[in-house]
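Below is one structure, written out as structure tokens; comments come after it.
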Amino acid sequence: MTTNTPTWTTQKPTAVIVLADGTIIEGQGCGATGVVQAEICFNTAITGYQEILTDPSYAGQVVTFTFPHIGNVGANEEDVEMLEAGKSDGAVGAVFKAEITTPSNYRSSQHLNEWLKARNIIAMSGVDTRALTNLIREKGLANCVIAHSEDGKFDFDALKKQAIEWSGLEGLDLAKTVGHGLSNPWSEKPWVWDEGYENASGHDYHIVAIDFGVKRNILRLMAGLGCKITIVPATSTAEEVLAHKPDGVFLSNGPGDPAATGEYSVKTIQDILKTDIPVFGICLGHQMLALALGAKTTKMHQGHHGANHPVKDHTTDKVEIVSMNHGFAVDSKSLPKGVKETHVSLFDGTNCGLAVEGKPVFSVQHHPEASPGPQDSHYLFKRFLNLIKESKGEELVNEF
């Protein structure tokens with residue numbers, strides 16, 4: 001006797017997510033097998049799953065994709081955001097609505113499932129991601145365990161215990177884990193259609209980037225403006241940074257609790273601020289700058305993760321659509337005198353930028369480099385360049 005029962009209704013779950021409150025979410029495993037503790041969040045971007053999963057800012061997190069079709073363009077070696085392409089810095093898990101399909105894109109060199117395995121990312125499909133997103137919105141970012149076992153056998157009591165016992169991201173410094181310096185000079189400029197990344201040559205200015213977990217496209221955009229870039233570890237001292245004689249200092253994005261990273265980086269930034277060297281920070285770099293100036297950071301309920309967030313720039317009165325990825329935010333009420341709020345989220349009013357009055361120092365919470373995503377905020381890199389030019393008495397460029 002035959003039935004019309006869909007096959008997915010009878011499939012045995014081979015992957016599960018167990019939240020610290022005991023909630024169990026079942027699905028079909030893909031990617032790597034194993035068990036990992038993490039914080040679960042959701043990302044509302046429609047494109048860029050490969051860049052999202054390799055963004056070091058997602059270290060210690062499982063990403064739930066609200067867009068249902070993930071994997072349809074496959075994977076390649078170009079769309080990787082972490083500095084060392086072969087490393088596994090970035091998201092530790094991923095959740096999809098639909099099964100990963102056969103890739104259909106001329107740039108694809110690998111099936112996403114195989115790419116996930118190679119990067120040791122545990123993933124699962126067949127999940128009602130809309131319901132899971134609503135759960136995170138209501139209850140907030142949650143500690144969890146994601147597990148993938150091909151035989152579908154799980155010890156749920158043990159998994160719940162692991163989820164409960166995980167420390168979570170609060171108080172956790174991850175910048176030292178994912179941030180590092182490079183022995184070779186940075187050599188990539190922005191991607192050119194059907195040609196790849198241009199080689200950076202000819203430098204007018206020297207920028208030292210403190211690497212808390214920097215994304216490659218940030219460095220590409222600065223290199224594209226004629227900047228030589230030296231990348232130094234998150235633990236670098238001000239003396240080590242200034243020894244490179246930079247024209248500007250960049251504070252990068254990265255994962256973890258800014259207060260924990262600040263235990264060793266705040267003094268470095270404070271000492272750099274005693275000079276007149278222009279400083280620009282993005283994401284965690286923005287938070288680190290705020291802490292160095294005397295402000296405070298807080299853990300967010302659900303965070304901001306996606307490529308469709310409206311932010312207003314008070315310096316131009318323009319609204320731009322930006323890419324975001326953060327679970328901590330700068331408390332705007334804690335900004336000290338002499339530090340002004342320059343950008344604000346139009347979703348919830350949280351701080352998204354600051355500038356120091358009378359000094360060439362500013363930062364933003366969002367990701368102006370996107371990759372992929374809206375390019376509304378690319379002008380911020382030119383703003384940084386203009387601060388460097390102004391410090392040298394040179395003619396400024398048009399930011400827009």
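The values are calculated or read from the model by the stated rules, or taken from the named source; none is laboratory data. Computed from a predicted model, the values in this text were never measured in an experiment. Note that we place each Cβ from the backbone using ideal geometry, even for glycine, and neighbour counts take in every protein chain shown.
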>> I want to confirm something. Restricting to region 354-380 and keeping residues that are at positive phi and buried (at least 19 other Cβ atoms within 10 Å of the Cβ), which single residue is farthest from the chain's Cα centre (by Cα)?
In response: Gly373
> Pairs under 8 Å by beta carbon, first residue outside the structural domain of Gly281 (by TED's automatic domain parsing) in region 376-400, partner among the polar types (S, T, N, Q), six or more apart or different chains?
Replying inline: Leu396/Asn386; Val397/Asn386; Glu399/Asn386
> Within the group Glu99, Glu77, which residue is modelled with pLDDT under 95 and either in a loop (DSSP other than H, G, I, E, B) or more than 23 Å from Arg220 (Cα to Cα) (or both)?
Replying inline: Glu77
> Across region 22-53, what is the total count of residues that are of a type in the set (Val, Ile, Thr) and in contact with a Lys or Arg (Cβ under 8 Å, 6 or more places away or on another chain)?
Replying inline: 0
>> Given the criteria without any contact (Cβ under 8 Å) to a residue 12 or more places away in the chain, in the same structural domain as His326 (by TED's automatic domain parsing) and more than 19 Å from Ala175 (Cα to Cα), does Ala243 qualify?
In response: yes
> Looking at region 251-265, is at least one residue outside any loop (DSSP other than H, G, I, E, B) and under 20 Å from Trp186 (Cβ atoms)?
Replying inline: yes
>> If I filter region 39-78 down to residues being at positive phi and out of contact with any His (no Cβ under 9 Å at 6 or more places or on another chain), which single residue comes out as surrounded by the fewest Cβ atoms within 10 Å (Cβ to Cβ)?
In response: Gly48
> Do we find a residue being in contact with a Cys (Cβ under 7 Å, 6 or more places away or on another chain), not hydrophobic (A, V, I, L, M, F, W, C) and not in a helix (DSSP H, G or I) anywhere in region 340-347?
Replying inline: yes
>> Which of the numbered conditions does Asp157 fail, given that it passes all the others? Conditions: (1) closer than 19 Å to Ser57 by Cα; (2) of a type in the set (D, E, K, R); (3) modelled with pLDDT of 95 or more.
In response: (1)
